[in-house]
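Trainee: Mind looking over this structure? Questions follow.
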Amino acid sequence: MRRKLVVANRKMNGNLSGNKVFLEALLAGTCDYSNADYVVCVPHPYLFQAESILKGSPIAWGGQNMSRYESGAYTGSVSPSMLVEFGCEYVIIGHSERRQRGHDTDLSTGERFEAATKAGLKPIFCMGETLAEYEEGITDIVTIRQLNAVIHEIGVQGLAKGVLAYEPVWAIGTGKAASPEHAQNVLSFLRGHIEVLDAELAQNIRILYGGSVKADNAEKLFSMPDIDGGLVGGASLNTEEFVSICQAAGRI
Ligand code: 13P
């Protein structure tokens, strides 16, 4: 049985005082830890703060991106071991906001997935189609291409060290979440693709849905058989709403 997982992707938001309120409220929130896990991904400067508040608690924290390199002349980048040094357990890889601005490619996401696992981090690997691709009916082709780039780099077994997330670009930040049925279909398709390669892994790997997850749709989404939780952007900026989403995951 896969445990549910809720990840806050706080993107480029927050400040020291607001983060403190959010993280402390999350700790105090009555989330069920018996069958669900919770992660907060903050901008890199705030990893130190996340560590100091969450250390020793059941809530994990992570980065939103990283370099595939360990050190060197890569201005503005952060290495896997730097994230580890600040207690990160997770790192988001291949978010569409980075793919769209040309920072991330299929190749670089595969390489960074591997670099993250080598450093002992759990990558949260994002896939998803644009609105045009959705309308063209090629969601499956796009997500499989993105997933195969990672499988090509690390082999299907390598996926076991991470988490997958389907985030349709048209649902991110729009308030228009995919219907639970659409998300379920895509996740079932992705799980089926993995199953052909490794049936046991397909049963165990967690696949999240992301894109306008809110307190009022979380329970329905998380109740679908292949949706193992959510990657939450905007709603993670509202403490009460995010706690309700975590509680929804814990109830299922
Ligand atoms: P929203 O929840 O704001 O749609 O963002 C989703 C997302 O991009 C999480 O990574």
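Trainee: Please determine, by comparing only the residues of the range 77-102 that are small (Gly, Ala, Ser) and touching a residue at least 12 places away in the same chain (Cβ under 8 Å), which one is farthest from the ligand (Cβ to nearest atom).
Mentor: So the first thing to find is which residues in the range 77-102 are small (Gly, Ala, Ser), and the list is 77, 79, 81, 87, 94, 96, 102.
Those still in the list that are touching a residue at least 12 places away in the same chain (Cβ under 8 Å) too: 79, 81, 87, 94, 96.
Numbers: SER79: 22, SER81: 24, GLY87: 21, GLY94: 11, SER96: 7 Å.
In this case the residue turns out to be SER81.
Trainee: Filter the range 207-238 down to residues that are open to solvent by 40 Å² or more (accessible area, probe 1.4 Å) and closer than 20 Å to TYR90 by Cβ and give me whichever is farthest from the ligand (Cβ to nearest atom).
Mentor: LEU237
Trainee: Where residues in the range 147-178 are on the phi > 0 side of the Ramachandran plot and without any contact (Cβ under 8 Å) to a residue 60 or more places away in the chain, which of them is farthest from the ligand (Cβ to nearest atom)?
Mentor: First pass over the range 147-178, keeping only residues on the phi > 0 side of the Ramachandran plot: 155, 173, 175.
Still in the running and without any contact (Cβ under 8 Å) to a residue 60 or more places away in the chain: 155, 175.
Details: GLY155: 26, GLY175: 8 Å.
Restricting to residues being on the phi > 0 side of the Ramachandran plot and without any contact (Cβ under 8 Å) to a residue 60 or more places away in the chain, the top hit is GLY155.
Trainee: In the range 179-206, what residues are within 16 Å of the ligand (Cβ to nearest atom) and assigned to a loop (DSSP other than H, G, I, E, B)?
Mentor: SER179, ARG206
Trainee: Next up: Select from the range 103-138 the residues that are at pLDDT 95 or above, part of a loop (DSSP other than H, G, I, E, B) and within 15 Å of the ligand (Cβ to nearest atom) and write down the one among them that is surrounded by the fewest Cβ atoms within 10 Å (Cβ to Cβ).
Mentor: THR130
Trainee: Related question: For the range 161-178, what are the residues that are exposed (fewer than 14 other Cβ atoms within 10 Å of the Cβ) and either farther than 25 Å from LYS220 by Cα or of a type in the set (S, T, N, Q) (or both)? Walk me through it before giving the result.
Mentor: Initial filter on the range 161-178 (exposed (fewer than 14 other Cβ atoms within 10 Å of the Cβ)): 173-176.
The one that is exposed (fewer than 14 other Cβ atoms within 10 Å of the Cβ) and either farther than 25 Å from LYS220 by Cα or of a type in the set (S, T, N, Q) (or both): THR174.
Trainee: Here is a list of conditions, (1) within 27 Å of PHE113 (Cβ to Cβ); (2) charged (D, E, K, R); (3) surrounded by 14 or more Cβ atoms within 10 Å (Cβ to Cβ), and LYS20 meets all of them except one; can you say which number that is?
Mentor: (1)
Trainee: Something else now. Quick one: which residue in TYR74, TYR69 is out of contact with any strand residue (DSSP E or B) (no Cβ under 7 Å at 6 or more places or on another chain), surrounded by fewer than 18 Cβ atoms within 10 Å (Cβ to Cβ), touching a residue at least 12 places away in the same chain (Cβ under 8 Å) and not basic (Lys, Arg)?
Mentor: Testing whether each residue is out of contact with any strand residue (DSSP E or B) (no Cβ under 7 Å at 6 or more places or on another chain), surrounded by fewer than 18 Cβ atoms within 10 Å (Cβ to Cβ), touching a residue at least 12 places away in the same chain (Cβ under 8 Å) and not basic (Lys, Arg) leaves just TYR69.
Trainee: Moving to a separate point now. Only residues in the range 218-243 that are touching a residue at least 24 places away in the same chain (Cβ under 8 Å) and farther than 17 Å from LYS176 by Cα count as the first member; pair them with residues that are within 11 Å of the ligand (Cβ to nearest atom) and open to solvent by 50 Å² or more (accessible area, probe 1.4 Å), Cβ under 7 angstrom, at least 6 apart or cross-chain, and list the lot.
Mentor: LEU237/ASN13
Trainee: Now for a separate question. Determine which single condition ILE92 fails, assuming it passes every other condition in (1) assigned to a loop (DSSP other than H, G, I, E, B); (2) in contact with a Pro (Cβ under 9 Å, 6 or more places away or on another chain); (3) within 19 Å of ASN9 (Cβ to Cβ).
Mentor: (1)
Trainee: Further question: What are the residues in the range 34-66 that are open to solvent by 80 Å² or more (accessible area, probe 1.4 Å) and in contact with a helix residue (DSSP H, G or I) (Cβ under 8 Å, 6 or more places away or on another chain), if any?
Mentor: Result: SER34, single match.
Trainee: Hey, another quick one. More than 14 Å from the ligand (Cβ to nearest atom) and at pLDDT below 95: is that true of ILE252 in this structure?
Mentor: When the stated conditions are applied, ILE252 passes them.
Trainee: Okay, moving on. Report yes if VAL21 is of a type in the set (Val, Ile, Thr) and outside any helix (DSSP H, G or I), otherwise no.
Mentor: It is false that VAL21 is of a type in the set (Val, Ile, Thr) and outside any helix (DSSP H, G or I).
Trainee: Right, something else. For TYR46, work out the one condition from (1) in a loop (DSSP other than H, G, I, E, B); (2) aromatic (Phe, Trp, Tyr); (3) touching a residue at least 12 places away in the same chain (Cβ under 8 Å) it doesn't fulfil.
Mentor: Going through (1) in a loop (DSSP other than H, G, I, E, B); (2) aromatic (Phe, Trp, Tyr); (3) touching a residue at least 12 places away in the same chain (Cβ under 8 Å) one by one, TYR46 breaks only (1).
Trainee: Here is a further query. Could you figure out which of (1) away from the ligand (no atom under 16 Å from the Cβ); (2) more than 22 Å from LEU208 (Cα to Cα) isn't true of PHE22?
Mentor: All conditions are met except number (1).
Trainee: Name the pairs: first residue in the range 201-214 and over 14 Å from PRO168 (Cβ atoms), second residue open to solvent by 40 Å² or more (accessible area, probe 1.4 Å), Cβ to Cβ under 6 Å, at least 6 apart or on different chains?
Mentor: LEU201/ALA160; ALA202/GLU195; ARG206/ARG2
The values are calculated or read from the model by the stated rules, or taken from the named source; none is laboratory data. The shown structure was predicted, so the numbers you read here are calculated from the model rather than taken from an experiment. Don't worry about glycine lacking a Cβ; one is built from the backbone with ideal geometry, like all the others, and counts go over all protein chains shown. Ligands, DNA and RNA are stripped out before the accessible areas are found, and what is left, the full protein with its side chains, is counted by its heavy atoms. Shrake-Rupley method; radii C 1.70, N 1.55, O 1.52, S 1.80 Å.
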